[in-house]
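Below is one structure; the comments refer to it alone.
Values quoted throughout were computed directly from the atomic coordinates according to the rules given, and no laboratory measurement underlies them. Just so we're clear, the structure is a prediction, and the values are computed from it rather than from any experiment. Every residue, glycine as well, gets a Cβ built from its backbone with ideal geometry; the counts of neighbours run over all protein chains shown.
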Amino acid sequence: MEIAAALGSDCVTGLSNEVAAERLQMDGFNQLPSKKIEPVWVRFFKQFKNLLIIILLIAAALALALHEWLEAGVIMAVVMVNAVIGFYQEGKAEQALRSIQSMLAEHTRVIRSGQLSELESKHVVRGDLVSLQAGDLVPADIRLIKVSNFAVQEAALTGESIAVDKTASASATNAPLAERKGMAFAGTLVTQGQAQGIVVATASQTELGRVNSLLTNVAQLTTPLLRQMAQFAKALTVAILIVAALVFIVGLSRGHSIAYMLMAVVSLVVAAIPEGLPTILTVALAIGVTRMASRHAIIRRLPAVETIGAVSVICSDKTGTLTRNEMTVTSLATAGQVFSVSGDGYAPQGHINSFNELGFEQLRTDIARVACLCNESRLVNDNGDYRVEGDPMEGALLTLAHKTGIDLDALAQDWPRVSEIPFDSRYKYMATMHACTEPKSPEQLILLKGAPEAILARCVSAANCQVWDPSFWLQQITDFAQGGHRVLALAHKKVVVSQVERQPLTHDDLYDFELVALLAIMDPPRDEAIEAIDACHRAGITVKMITGDHVQTAQAIGKLLHLPQTEQALTGQDVDTLSDTELTHALETTHIFARTTPEHKLRLVSLLQAQGKIVAMTGDGVNDAPALKRADIGIAMGKGGTAAAREASDMVLTDDNFASIVDAVGEGRTVYDNLKKAITFLLPVNGGESLAIMLALLIGLALPIMPLQILWVNMVSSIALALALAFEPSESDTMQRPPRRANEPWITRFVLWRIIFVSILFTVGIFTAFEWALAQGYSEEYARTLAVNVLVAMEVFYLFSVRYLRRSSLFFNGLKGTRHVLLAVGLVFGLQLLFTYQGWLQALFNTTPLSLTHGLLCVVAGCILFTILELEKWAQRRWHRHAH
């Protein structure tokens, strides 16, 4: 063969041992390169590459320079807590490349110098003559030169839903991967038969190595949440530095000492930075993780919790994701009538609709006999979960046989097999001969199943049909195929021979058959996937199917899934002919892409992202891994998916159910809503503290709150109350509104207005309490204690208001609060009592006990704040109605 000669090999003796050793030395081992994992200490110190953290470190350094040891220690403790949280937040190290490596076979049978031997697969080289049989993992890309009933399961690499029959014939050089019948690819599984072939590529040069290289070079994008956090941190840092510099200059011009102003700047920095925000962020995301896990969605990287809620496009693989990855007979055609078959997958549940008429009784038996007896596979029941051992198409036939209602065990006993012709892709059929067990019966059955063109050529009649009309059956085959089905034909004939005359079955016996039925077989869509796609459309999310399967099959499934404009499907070859601009335009109206490669999937995801879309990619094969990694959120299948797909993903569906994605989107949107509520809660507290300090410095008054007291409020009461918001349930319109824009700022105009407005109210409350206490003759310690308690009381009442940003909180559930809200309020009340009345805390924070009257005054301040905010929301709603 030319390929053997080109590689210096021989189709009989293979390479010589000497040439193989030289080639191994030149090309290296047949194994994929691994990626260096980042050291733990590097990951930890990366947590300090945050502007807000750097500002806090500078504040701690200033406190140390001023010998304020306690303040410096507390600030450093806050920094370390946030660093530790961030370190654990990053999750597990990347494992995708090692998972792909595990797909390579460990040992391989190779013929060298005419001798067959088994060696480690890493020693296989180009030109080796490899022997393959059922159950083997293919060790390298192999050009097949000799095959016998040989089929390979390539779903993980190509997306092809069933095992592919292979031949020794060459394919066109530009043929799609799934159509290269003369090749066996590294990492795929041999399901039946034997073959020999010449290795044409090893290690990184294989198709599997190409995917590995894509995965290595794909940059994982930062999630929208982390991008917004970075933008927010930059903006806040710039604002803090500018304000701190202005305050420092103004303070010096007013005659304050440098030491005093440096300590004032430390107070301002501590007041302005929302130290509790990283903790709130992590907890809110962790709550989302827990909720999603209960809905069969496992989050592998914490920020992905929020990202799924921002998704605007879901690019989904077909096989095993939108479909069951279980072949099913959906229709069957007999003479003059087509019957639909109910039930999905391999579970023997369902029936042949309208097949109970008396005239079809014999036909029912005939179908059961061919489907069950002319079969090499078997169904296995694992506690109600049915799987097939053998060929998926034969599994579909066994399930159909069960649906006929015939006793299959009795059928097998009555008609034992006496001879057979195994299926071979050269003649595309399988035949079996069965003897009747009735005493002295000379009757035998020959059962035949296979490709319809091969079976029809051997038929002269059809069951329940007076006139044999091949054109009718050819039209039925065309109709089934255009619907995206694979078509299989069943036939039989009875022969009468004596016991002595019985001979092994040969191809010469296969003539004058009666056609029993044509079967339409497909991997059907999941019922729940249809409902989920409809829910996505209601939520403003576009769903696109990107599959390696045939375009007609993809279009048929797309129609069943209610995807729009299925007639505009594009193939991978079509994608190759389009420029980025043309493909971007096509993406607006095209929702099905068939016969795609990993490069196609990666390109489609990247172009959607370039349009500002937040893209989720679902898949289960190693061919999906690069696109899974590139997508804003990669979603892998947990049951039927490959390890490579799972490790490249951000989220894993434990039930392999597309519908679980919709539940996850709802949870993700709720997480984002709750984070926005938490931010809208936290920032006014910091704003109020900052404005109070600035006002005191500019007017020349004593600071109403000291740095340690600010840290108490920010790290204790504010966090405890804000955490309650992380547990807020989903609002009623969560899945009825469109996804937010990818570039939507975290601080919208409405949120900015609320932060400024509430910050002013907090500042007024703090300063009023502080100055009123001083005016009444109380000490600065007492006045500051009162100011802090007024601030905390206002926080508590603000919590009840911020739970509903636009609608009124004046209704029963709004005032009652959730269990978490009430627990948080009770905790803060207890801690504030300790802060005010516990001796060692008084010494630490420089506080003093308040009278009962002044304690009630704090509650009154909170009620006033709540009333003002409810009036503001009423005015906002009234203005909004009039504006629209």
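Tabulated data
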| read-out | value |
| --- | --- |
| Span per principal axis, largest first, for the Cα atoms of the stretch 331-520 (Å) | 46, 44, 38 |
| Extension gain, F472 back to V495 (0.36 nm per residue minus Cα-Cα distance, nm) | 5.6 nm |
| Over the stretch 354-423, equivalent-ellipsoid semi-axes from the Cα gyration tensor in Å | 21, 17, 11 |
| Residue exposure sequence - L268, L711 - by fewest surrounding Cβ within 10 Å | L711, L268 |
| Within the stretch 393-435: backbone nitrogen closer than 18 Å to the Q194 label point (7 Å, Cα to C-beta) | 421-426 |
| Neighbour net charge for E207 - beta-carbon separation under 10 angstrom, K R +1, D E -1 | 0 |
| Whole-Hz couplings from phi, Karplus 6.51/-1.76/1.60, listed for the stretch 849-858; x for Gly and Pro | x, 9, 6, 4, 4, 6, x, 5, 4, 4 |
| Overall Cα dimensions of the chain - principal axes, largest extent first, Å | 123, 72, 51 |
| Simple label model, 7 Å out from Cα along Cβ direction - R378 to E870, nm | 7.2 |
| Stretch gain in nm, segment E731-Q133, where the contour uses 0.36 nm per residue and the Cα spacing is subtracted | 209.6 nm |
| Beta bridges per DSSP with both ends in the chain, % antiparallel, nearest 5 | 75 |
| Dipole magnitude of the stretch 634-756 about its Cα centre (Cβ charges: Lys, Arg +1; Asp, Glu -1), debye to nearest 20 | 420 |
| From the C-alpha gyration tensor of the stretch 745-884, square roots of 5λ in Å | 31, 18, 13 |
| Exposed-loop-free span, longest in the chain, where GluC sites (Glu not before Pro) count as exposed if DSSP calls them loop and at most 10 other C-beta atoms lie within 10 Å | 589-884 |
| Within-9-Å neighbourhood charge of K428 [Cβ basis; K, R +1; D, E -1] | -2 |
| Sorted by Cβ density within 10 Å, fewest first, the residues T478, T654 | T478, T654 |
| Charge dipole (the chain, unit charges on Cβ, about Cα centre) - positive-most of M393, A793, A186 | A793 |
| Estimated distance in nm for a label pair at T437 and H882, the labels positioned 7 Å out from Cα along Cα-to-Cβ | 9.0 |
| Spin-label model distance (nm) - V250 vs R426, 7 Å beyond Cα toward Cβ | 9.4 |
| Residues of the stretch 117-132 with amide N under 19 Å of the 7 Å Cα→Cβ point at H107 | 117-125, 129-132 |
| The chain - charge dipole about Cα centre, Lys and Arg +1 at Cβ, Asp and Glu -1, debye rounded to 20 | 3000 |
| Sites T848 and T654 - FRET efficiency at Förster radius 45 Å, r taken between beta-carbons, to 0.05 | 0.20 |
| Estimated dipole of the stretch 745-884 in Debye, rounded to 20 [Cβ of Lys and Arg +1, of Asp and Glu -1, Cα centre] | 980 |
| Per-residue [θ]222 nm for the chain (sum of -39500 (n - 2.57) over DSSP H runs n ≥ 4, rounded to 500) | -15000 deg cm²/dmol |
| Additional length obtainable on full extension of the chain from Y511 to R807, 0.36 nm per residue less Cα span | 98.7 nm |
| Cα centroid separation, the stretch 283-351 to the stretch 108-162 (Å) | 33 |
| Residues F339, F835, F812, sorted so that the one with the fewest Cβ neighbours within 10 Å comes first | F812, F339, F835 |
| For the stretch 590-667 and the stretch 396-458, distance of Cα centres in Å | 42 |
| Percentage of interatomic Cα-Cα distances in the stretch 676-768 larger than 23 Å | 37 |
